[in-house]
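Worksheet for the structure shown next.
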Amino acid sequence: MEPLPAPPWRKTRPAKPVKPQLTQELIVETGLHIVDREGLDALSMRKVAQELDTGPASLYAHVANKEELLELIYERVLGDIELPAPEPERWAEQLREAVIGMHRLLNTHADVAKVSLANVPLGPNSLRIGEAMLAIMIEGGVPPALAAIALDRIVMFVAADAYEGSLYRTRQRDSGMDVETFVADSFGQIADYVRSLPADRFPYFTRYADELVRAGGEERFEVGLDLMIAGLAAQVRSD
């Protein structure tokens, strides 16, 4: 039986929207949304609370402070990375694929990579990724002591490169130029300046100015990574 309509003299109030239940996962997702939209420096517990239409004090039942929130956001991003089981005969290829995947993922989330530069990432996903990368290297024949150092340096390389990329993207947005115009303008200025240097003091800089700015960010990252992996592979062969 359908309900009867309310009498015309009875005033009805519009139903208030139901707030989603506050959880750590919701807080982290909201924080990540703010970081992606405005950058890491814009994140604060107060801003997260405003986005969720609540008071900052209510967040502390789920997250201890901003530092923990940053770590949880970083872990949330790393949760999207899938890593394969080790295949010893193709360890170098597997390591390359895993690192490039991590780098591309961090590049999609503004300057989240900065979080790992100020801390030793030891959350569940950081440990899962580190364990998988160690397994790939060690099962492939990389000496464990060298694999441990390589893991540290590779993760640092990924985070630093991704963070630098986020700084360039911020400058590009602030300039009002599209990406291609900004890159061409920036690299063009660098090349012009280098070519203007005294050739007797900087013969290689002035001669190879175009080569210094030719490669894009992704190519530079992959070449650097290949050099690191080639060094590891040379060590495996020597042992």
Practice problem: Name the residue, out of VAL236, VAL194, VAL142, that is touching a residue at least 40 places away in the same chain (Cβ under 8 Å) and more than 27 Å from the chain's Cα centre (by Cα). | Solution: VAL236
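Could you tell me whether segment 71-89 includes any residue that is of a type in the set (Phe, Trp, Tyr) and over 16 Å from ALA162 (Cα atoms)?
No, the conditions are met nowhere in segment 71-89.
For VAL223, indicate whether it is closer than 30 Å to VAL112 by Cα and touching a Ser or Thr at 6+ places or on another chain (Cβ under 8 Å).
No; evaluated as a whole, the condition is false for this residue.
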Quiz item: Being surrounded by 11 or more Cβ atoms within 10 Å (Cβ to Cβ), in contact (Cβ under 8 Å) with a residue 60 or more places away in the chain and either farther than 30 Å from LEU95 by Cα or out of contact with any Phe, Trp or Tyr (no Cβ under 8 Å at 6 or more places or on another chain) (or both), is that true of even one residue in segment 168-189?
Solution: yes
Self-check item: Cβ pairs under 9 Å, 6+ apart, first in segment 42-54 and more than 16 Å from LEU72 (Cα to Cα), second charged (D, E, K, R)
Solution: LYS47/GLU38; LEU52/LYS19; ASP53/LYS19; THR54/LYS19
Exercise. Taking the options GLU67, GLU93, name whichever one is open to solvent by 30 Å² or more (accessible area, probe 1.4 Å), assigned to a helix (DSSP H, G or I) and farther than 30 Å from GLY140 by Cα.
Key: GLU67
Quiz item: Of everything in segment 190-208 that's out of contact with any Asp or Glu (no Cβ under 8 Å at 6 or more places or on another chain) and among the hydrophobic types (A, V, I, L, M, F, W, C), which residue is surrounded by the most Cβ atoms within 10 Å (Cβ to Cβ)?
Solution: VAL194
Quiz item: Which number in (1) open to solvent by less than 20 Å² (accessible area, probe 1.4 Å); (2) closer than 30 Å to ARG237 by Cα marks the one condition that ILE149 misses?
Solution: (1)
Quiz item: Somewhere in segment 77-90, is a residue crowded, with 19+ Cβ neighbours inside 10 Å, among the acidic types (Asp, Glu) and within 15 Å of the chain's Cα centre (by Cα)?
Solution: no
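The values are calculated or read from the model by the stated rules, or taken from the named source; none is laboratory data. What you see is a predicted model; the values in this text were computed from it and never measured. Please note: Cβ atoms are built from the backbone with ideal geometry, for glycine as well, and neighbour counts cover all protein chains shown. These accessible areas exclude ligands, DNA and RNA; they are computed on the full protein's heavy atoms, side chains included. Shrake-Rupley method; radii C 1.70, N 1.55, O 1.52, S 1.80 Å.
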